[in-house]
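A short worksheet on the structure shown next.
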Amino acid sequence: MTHLPRNLYRAAQVKELDRLAIESTGLNGVELMERAGLAAFEVLQHCWPQARNITVICGPGNNGGDGFVVARLAAAAGMAVEVVLATDAERLSGAAAQAFATMMDAGLSCTESSLKAVGHDKQADVIVDALFGTGLERPLEGDIAAMISALNASQIPVLAIDIPSGVHADNGQVLGQAVRATATVSFIGLKQGLVTGQGPACCGQLYFDDLQVPEAVYSQVPVAARCIDYASTIATTGSPFAPRSPSAHKGDFGHVLVVGGDLGMGGAARMAAEAAARVGAGLVSVATRVEHAGAIFSSRPELMVHGIDSLASLTPLLERASVIAIGPGLGQGDWGRTGFTRILDKLTTSALPLVIDADGLNLLALEPAHYDHWVLTPHPGEAARLLGISSAEVQADRFAAARVIQQRYGGVCILKGAGTLVQSVDDDCRVCSDGNPGMASGGMGDVLTGVIAGLLAQGFEPEQAAAMAVCIHAHAADIAAREGERGMLASDLMPVVRRLVNPVDGTH
């Protein structure tokens, strides 16, 4: 069993990897199936060492064949095994048919009529989901959907083989109904749908085994996306946060201008500004409503706070800034619209880096523009407005949504959510594997905006700043969540973020 790989693939690409592995190594499908079944059984033993009663639900394809191997190995290890066949045995073919025959020769039997009982039988210590693999495209319905619903409600631990049945391998969408596994073991190529959208919620703990496929095989198939996290990003970049020169001064590290904080929303601009300072920006200014200026200044005196009645007077502040972040608490009224238009006008004569979030994105949807030097940070609702579709359509294929936003608006698109995507030019997509549900609280996006802006101010290119910021932000939330996900506030991330941009030997 290996650590999770960084490279992600679509289902068709994994199928090609499978074909090349068989063609180039002399393996056959049965041998690969044996390896997959053994890998799954080892995960089962690792996760549930005390398990004695196993139910294996097998479908008609190779996924079911892997399940037959698991059932045979479990029986040989002395476990009580029930095999539920969700198809007619006559429909089995190829390697799956051979695995079925081998299992039957080992003395096991299976039932073809107890789908409705699965999940209601509390005797099983673990249920193995070997129903459907990566080829599933249609929504599950009927007895299969009812069985999965009962299984999810049963609280019996589930090990999913390759992918939880009902999850789309390419986009993480739930196809009508999907198994919510306790653990999932995936093979040969890690499917991109497992790490974003509903994929993580359905996978549980994710394991991977390459089934000893040679590295030369992987070099023949391009990757669809890449996983990133804080630890690997720091390791692969040789720590981008090297110690500063003893002669450094604040002017070396950029000047961020945060524009936002309409009436009642001053906290959003304040959090974005502090986050920019906490990751190392030399100077941070805030352009906000007059009514908020005093409170922001008194709570964080290191910020240069400008109370502005009309954002039409932004010009002097724009001239001094090296990076602009607009959107946190901006609103979509006349005040916010004026500032947004003024900044877009500035971009026609400047290549100033820009981060747009929140209402800045909603205003961009109303006044579309294309710019190569900005980072857009939509959540699914904002992404939907940028694309003129529904948020459900965005979530149905997050990869496609992020790609179209980047192509349409330019720069870098960060599509926030479970498995945040960082989409840049040349179809380069990265998926952050850090983060947790505690981040579902107000202000988290404002902190991310500030982190991105602070990194841009220090000279990071937009693609690098976006990826690094997403990982810092998510990992900081994981550290803060050690005290509990529920009740975690965006401001709880501030001291952690500071530690993460001052790593010692690549650690926090």
Going by how many other Cβ atoms sit within 10 Å of their own, how do Arg180, Arg270 line up, fewest first? Arg180, Arg270
Expressed as an acute angle from 0 to 90° and rounded to the nearest 10, what is the orientation of the C-alpha long axis of helix 398-409 relative to the principal long axis of the chain? 30
Identify the residues of segment 433-458 with backbone N under 17 Å of a label point that sits 7 angstrom from the Cα of Leu489 along the Cα-to-Cβ direction, or state none. 438-448
Shape call for segment 363-424 from the C-alpha gyration tensor, a ≥ b ≥ c root eigenvalues: rounded (a/c under 1.5), prolate (a/b greater than b/c) or oblate? oblate
Using Cβ contacts closer than 10 Å as the measure, can you line up Asp492, Asp143, Asp162 from fewest to most? Asp143, Asp492, Asp162
Full extension between Arg499 and Leu4 adds, at 0.36 nm per residue less the Cα distance, a length in nm of 175.6 nm
State the extension gain, in nm to one decimal, for the chain segment bounded by Val425 and Ser298, taking 0.36 nm per residue of separation less the distance between their alpha-carbons. 41.6 nm
Check which residues have an amide H placed less than 5 Å from Val259's amide H, if you skip close sequence neighbours. Ala287, Ala325, Ile326, Gly327
Measuring from centroid to centroid over Cα atoms, what is the spacing of segment 423-494 and segment 257-288 in Å? 16
Please report the antiparallel percentage of the DSSP beta bridges confined to segment 7-223, to the nearest 5. 5
Note the angle between two axes, namely the Cα long axis of helix 290-299 and the longest principal axis of the Cα atoms of the chain, as a number of degrees from 0 to 90, rounded to the nearest 10. 70
Under-5 Å amide H pairs with Arg52, H placed in peptide plane, nonlocal only: Asp125
Say R0 is 51 Å: what FRET efficiency, to the nearest 0.05, do Arg52 and Asn436 get from their beta-carbon distance? 0.95
Candidate aspartates and glutamates for bridging to Lys416, where Cα separation is under 14 Å - those fewer than 8 sequence places away on the same chain excluded: Asp357, Glu382, Asp397, Asp434, Asp446
For the charge dipole of the chain, defined by +1 on Lys and Arg C-beta atoms and -1 on Asp and Glu C-beta atoms about the Cα centroid, which residue among Phe68, Leu20, Ser245 has the Cα displaced farthest towards the positive pole? Ser245
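Counting DSSP beta bridges in the chain, what percent are antiparallel, to the nearest 5?
So the antiparallel bridges in the chain amount to around 20 percent.
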Taking Met271, Met488 and counting other beta carbon atoms within 10 angstrom, the fewest-first order is Met488, Met271
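Count neighbours as other Cβ atoms within 10 Å of each site's Cβ, and list the chymotrypsin sites (Phe, Trp or Tyr not before Pro) in segment 1-81 that are DSSP loop with at most 11 such neighbours.
Listed in order of number, the matching sites amount to none.
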Specify the longest stretch of the chain that does not include any exposed loop site, a site being one of the GluC sites (Glu not before Pro) with a non-H, G, I, E, B DSSP assignment and at most 15 other Cβ atoms within 10 Å. 303-508
Residue by residue, what Karplus-based ³J(HN,Hα) values in Hz, rounded to whole numbers, does segment 257-269 have, using 6.51, -1.76 and 1.60 with θ = phi - 60° and x for Gly and Pro? 10, 9, 10, x, x, 5, 3, x, 10, x, x, 5, 5
Give me the distance between the Cα centres of segment 11-43 and segment 334-394, rounded to whole Å. 45
Can you give me the angle between helix 142-154 and the longest principal axis of the chain, using Cα atoms only, in degrees from 0 to 90, rounded to the nearest 10? 70
Spin-label model distance (nm) - Gln123 vs Ala235, 7 Å beyond Cα toward Cβ: 4.5
From the coordinates shown, percent of Cα pairs over 36 Å apart corresponds to which of (1) 38; (2) 32; (3) 58: (1)
To the nearest 20 Debye, how big is the dipole of the chain about its Cα centre, given +1 on the beta carbon of each Lys and Arg and -1 on that of each Asp and Glu? 1040
Step through the residues of segment 283-288 one at a time and calculate ³J(HN,Hα) from phi using the Karplus curve (6.51 cos²θ - 1.76 cosθ + 1.60, θ = phi - 60°), rounding each to whole Hz and writing x for Gly and Pro. 9, 9, 10, 10, 9, 9
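Placing unit charges on C-beta atoms (Lys and Arg positive, Asp and Glu negative, everything else neutral), compute the dipole magnitude of segment 7-223 about its Cα centre in debye, rounded to 20.
Here segment 7-223 has a charge dipole of around 400 debye.
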Per-residue HN-Hα couplings for segment 207-212 [Karplus 6.51, -1.76, 1.60; θ = phi - 60°; Hz; x = Gly/Pro]: 10, 9, 9, 7, 6, 6
Just want the answer: with Cβ charges of +1 for Lys and Arg and -1 for Asp and Glu, which residue in Ala469, Val83, Met147 is farthest toward the dipole's positive end in the chain? Ala469
Value at 222 nm in deg cm²/dmol, rounded to 500, when DSSP H runs of n ≥ 4 in the chain each add -39,500 (n - 2.57): -12500 deg cm²/dmol
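Every read-out reported here was derived from the displayed coordinates using simple, explicitly stated rules and does not represent laboratory data. Every value quoted in this text rests on a predicted model; they were computed, and no experiment measured them. All Cβ positions, even for glycine, are placed from backbone atoms using ideal geometry, and neighbour counts span all protein chains on display.
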